[in-house]
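What follows is one structure encoded as structure tokens, with my remarks underneath.
Just so it is clear, none of the values below were taken in a lab; they were calculated from the coordinates. Small disclaimer: the values here were computed from a predicted structure and weren't measured. Reconstructed Cβ throughout: ideal geometry from the backbone, glycine too, with neighbour counts over all protein chains shown.
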Ligand SMILES: [Zn+2]
């Protein structure tokens, strides 16, 4: 078996280069196809036959495939080197180009949404794998405006909402944070500053948060004003013009999740906040303090800092996947073997981690910044999980292979859990084991409780803005939200009232955050089923993954026996966490004896 080393990826499977004739030819091809597509307008009639209709859908898919490839190449080139000006301009060119093509071909989806039920049903029955894509478009029928209005919204968004979001990013990405470390004041980016939240030094953890909110609160009134404006725009467009019944409903429909399922998720999470409160009290004992401070949530509980060499880590992830199903390991390995993985650390490279699915038949591209910490191995398993999900759904069209948001984190989170199980099974060092277990609950807090409380805050903030609330009033509401979230389980200092202006998601994509909680709780339940059912669970799980985005999430899950409207289902995820916290409490009390 070969040993892998850290390298950069090869984008030649997309295009040979940024100034290759192939790239220009792709732009020309989209242009030609869009022009041909414009000729379709006259043919759109309710009695259109299924064969002709399918041809039109296929033509639209063909164009969108080229656009996906171009976007991927531009985006991945930029991620590989964010200082590369050629990549920057290619990306900007793509944005403009895609918006123009979208406006020219908009008439088709508008016609499709307007079509009567009977004819739409007739055409969908013949549409094979495109069916769900077409069905999903029609869900927006009651919320769609005229072609002229839709075009104006598209154009005005470029200089309106999108410009405001860019402005928010430009302002906050320029922030410089000062932190004294080992007697020296360092100038840090936000990412570097936040790394100190996991420092073993309690004072450093506190100062890392204090410095962040000092800087953000200085611009608090302006950042808050940007938020108020974005929220007003959301209300004007989605409630006044598009007639959604509430601010969060617009997001729920895009996710194709019923409002009642989302409400149940938020309510059940609220009820289970006490599990995390118990955990914070336990963590205080573990750290040897009377009461935990909000600053200490991500504090390490053990000194162990094990390192994992890259090749060994890759092997560990493959082994963990293979223990579930050899096919999972093979698919993960394909990402390495086809050179679709960028794992080395380079200046100018995107500092995060992601998996980019381009087309159903293309092995996804994965970006990592591998630094040999246990966290890096977990991230590797996570991103490869995404890649496997996409490869299992390769049988679907370009419109239906990608999982919708609420299901998008299924294979990634599940992959991390497979790895954790393997680590726990093989690790004999108690300190390392403890670190792994506590980290699981830390992560669950960050993806479930924290995100759900953001969503609860967003619901409230949207209402407050309608009542002309000031920025300070919104901050006060945020502080109350935190007080409910943590109860008396920890000490919450005043500066946290400014945290909300530092959360990009609530600016970029309102109500996006609950999808994290959805995904994590779903996987906790699924993993529990896997433990209980063993082999017989696998076909069910494979079916969920290979469905990709070809069905509504509720339907994909109901076939696996899951009802996302039921409080009992969501409670099942919390029961897993409750057991984990109880086990940790027991560990703590026996250690004391
Ligand atoms: Zn992910």
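The stretch between residue 543 and residue 371 holds 58.5 nm of extra length on full extension. This uses 0.36 nm per residue minus the Cα-Cα distance.
Assign one of three labels to the stretch 142-285, namely rounded, prolate or oblate, based on the Cα gyration tensor with a ≥ b ≥ c the square roots of its eigenvalues; rounded applies when a/c is under 1.5, prolate when it is not and a/b is larger than b/c, and oblate otherwise. Numbers along the way, then the final one.
On the way: a/c = 3.60, a/b = 1.48, b/c = 2.43.
Since a/c reaches 1.5 but b/c is at least a/b, the shape of the stretch 142-285 is classed as oblate.
Out of all DSSP beta bridges in the chain, what portion is antiparallel? Express it as a percent rounded to 5. Present the calculation step by step, with values, prior to reporting the outcome.
Numbers: 8 of 12 bridges.
Within the chain, antiparallel bridges account for around 65 percent of the total.
Distance from the alpha carbon centroid of the stretch 58-76 to that of the stretch 464-486 works out to 42 angstrom.
Helix 85-114: angle to the longest alpha-carbon principal axis of the chain, degrees 0 to 90, nearest 10? Taking Cα atoms only, the helix is inclined about 60 degrees.
Using C-alpha pairs under 8 Å with a sequence gap of at least 6, the mean separation divided by the residue count of the stretch 137-290 gives a relative contact order of 20 percent.
On the principal axes of its alpha-carbon atoms, the stretch 131-185 has extents of 62, 28, 14 Å, going from largest to smallest. If you sort the three axes of the alpha carbon gyration tensor as a ≥ b ≥ c, you get a/c of 1.5 or more for the stretch 467-593 and a/b no higher than b/c, which makes it oblate. Ellipsoid fit via the Cα gyration tensor, the stretch 1-150: semi-axes of 35, 18, 15 Å, each the root of five times an eigenvalue, largest first.
Determine, from the Cβ-Cβ distance of residue 117 and residue 508 and an R0 of 51 Å, the FRET efficiency 1/(1 + (r/R0)^6), rounded to the nearest 0.05.
Efficiency for this residue pair is about 0.90.
Computed from label points 7 Å out along Cα-Cβ, the spacing between residue 339 and residue 36 is 3.2 nm. Shape summary of the stretch 233-282, radius of gyration then Dmax from alpha carbon positions: 15.6, 50 Å. Taking label positions 7 Å along the Cα-Cβ direction at both residue 472 and residue 186, the computed distance is 3.6 nm, reported to one decimal. Kindly express, to the nearest 10 degrees and within the range 0 to 90, the angle between helix 50-80's C-alpha long axis and the longest C-alpha principal axis of the chain. Value to nearest ten degrees: 40.
If you take the beta carbon distance between residue 99 and residue 323 as r and set R0 to 60 Å, what does 1/(1 + (r/R0)^6) give as a FRET efficiency, to the nearest 0.05?
Details: r = 46 Å, r/R0 = 0.77.
For residue 99 and residue 323, the calculated efficiency is 0.85.
Shown for 447, 509, 5: other C-beta atoms within 10 Å of each C-beta, ranked fewest to most, produce the order 5, 509, 447.
How far is helix 202-218 tilted off the main Cα axis of the chain, in degrees rounded to 10, range 0 to 90? Compared with the principal axis, the helix lies near 40 degrees. At full extension, residue 48 and residue 263 could sit 73.4 nm farther apart than now, given 0.36 nm per residue minus the alpha carbon distance. Going from the fewest other Cβ atoms within 10 Å to the most, the residues 420, 229, 159 appear in the order 159, 229, 420.
When only Cα pairs below 8 angstrom with a gap of at least 6 residues are kept, the chain shows a relative contact order of 18 percent. With N counted as the residues of the chain, its alpha-carbon radius of gyration over 2.2 N^0.38 Å works out to 0.99.
Classify the stretch 215-339: rounded, prolate or oblate, from the alpha-carbon gyration tensor (a ≥ b ≥ c, eigenvalue square roots; a/c under 1.5 rounded; otherwise prolate if a/b is larger than b/c)? If you can, show how the numbers build up before the last one.
Numbers: a/c = 1.98, a/b = 1.32, b/c = 1.50.
Because a/c hits 1.5 or more and a/b fails to exceed b/c, the stretch 215-339 counts as oblate.
The stretch between residue 578 and residue 55, if pulled fully straight at 0.36 nm per residue, gains 183.0 nm over its current Cα-Cα span. Reducing the stretch 1-31 and the stretch 111-159 to their Cα centroids gives an inter-centroid distance of 33 Å.
Please arrange 422, 283, 141, 497 by how many other C-beta atoms lie within 10 Å of their C-beta, fewest to most. Mind showing how you got there, number by number?
On the way: 422 18, 283 25, 141 14, 497 22.
If I rank by nearby Cβ atoms, fewest first, I get 141, 422, 497, 283.
Computed FRET efficiency, Cβ-Cβ of residue 426 and residue 535, R0 25 Å: what is it to the nearest 0.05? Don't jump to the answer; show the numbers that get you there.
Numbers: r = 22 Å, r/R0 = 0.89.
With a Förster radius of 25 Å, E is 0.65.
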